[in-house]
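Right, one structure below, let's go through it.
Since every read-out is calculated from the coordinates, none of them should be taken as a lab result. Keep in mind that what you see is a predicted model, and the values were worked out from it rather than measured. For neighbour counting, all protein chains shown are included, and Cβ atoms are generated from backbone atoms with ideal geometry for every residue, glycine included.
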Ligand SMILES: [Zn+2]
């Protein structure tokens with residue numbers, strides 16, 4: 001698993017006003033087909049579209065703007081959340097391959113590192129369609145939620161979509177690694193370090209210093225310097 005590198009493709013849609021996170025959150029969708037939508041045709045773009053099988057990530061809407069994939073929700077919850085459409089079908093989600101789930105984990109890692117969305121998941125185990133399905137949250141509940149949720153968790157009483165279906169969160173987590181102590185694959189960890197330094201916030205100077213220090217996972221500089229800076233960065237504003 002490596003750090004994803006999104007490709008900007010843009011959209012015919014300009015992006016709606018973005019209110020910022022009330023809590024850092026990401027809504028996952030499935031496209032119900034597999035393919036990258038054509039920018040000039042798609043009138044309800046998400047920020048990103050992702051193919052978990054190839055780990056290709058394309059960006060359609062700037063994350064300084066709100067996207068459109070919840071637009072049928074009259075409460076306009078688009079204004080509070082980051083949104084990603086994934087290749088695939090809601091009804092097939094429990095049956096996808098390990099390769100697909102490893103790809104979902106790579107996406108989750110990317111969103112976690114880049115946008116500070118915590119590795120916390122809504123309950124996907126009994127997703128159902130319908131405006132009043134049990135898993136749906138009210139507007140207030142969803143705006144307070146922090147972590148990864150599905151379109152199907154949105155819009156109690158106003159939205160009937162149930163994508164991305166019954167995402168197997170335990171399978172996603174089995175590919176997720178969140179720290180040195182949990183044996184993050186080296187290539188992923190190096191990619192994360194690069195992303196932290198590229199962000200030019202808490203991490204400045206020599207990324208290679210930390211890459212070399214991966215060989216010394218018990219060095220106190222991890223707990224004294226690295227992880228506190230990481231935490232400050234992902235929880236900032
Ligand atoms: Zn959706």
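Fewest-first ordering of 187, 214, 193 by other beta carbons within 10 Å of each residue's beta carbon gives 187, 214, 193. Can you classify the range 186-235 as rounded, prolate or oblate using the Cα gyration tensor, where a ≥ b ≥ c are the square roots of its eigenvalues, rounded means a/c under 1.5, and otherwise it's prolate if a/b beats b/c and oblate if not? It is oblate, given that a/c is not under 1.5 and a/b is not larger than b/c. Given their separation in residues at 0.36 nm each and the Cα-Cα distance between them, residue 170 and residue 7 gain 55.8 nm when the chain is fully extended.
Applying Stokes-Einstein at 37 °C and 0.692 mPa s to the Kirkwood radius of the range 7-179, computed over alpha-carbon pairs, gives a translational diffusion coefficient of 208 µm² s⁻¹.
Computed from Cα atoms, the angle from the helix 186-198 axis to the main principal axis of the chain rounds to 80 degrees.
Summarising the strand pairing of the range 7-179, around 30 percent of its internal DSSP beta bridges are antiparallel. Put simply, the Cα atoms of the range 78-237 extend 52, 35, 22 Å along their principal axes, the longest span coming first. Highest mean first, the peptides 197-209, 57-69, 4-16, 113-125 sorted by other C-beta atoms within 10 Å per residue fall in the order 57-69, 113-125, 4-16, 197-209.
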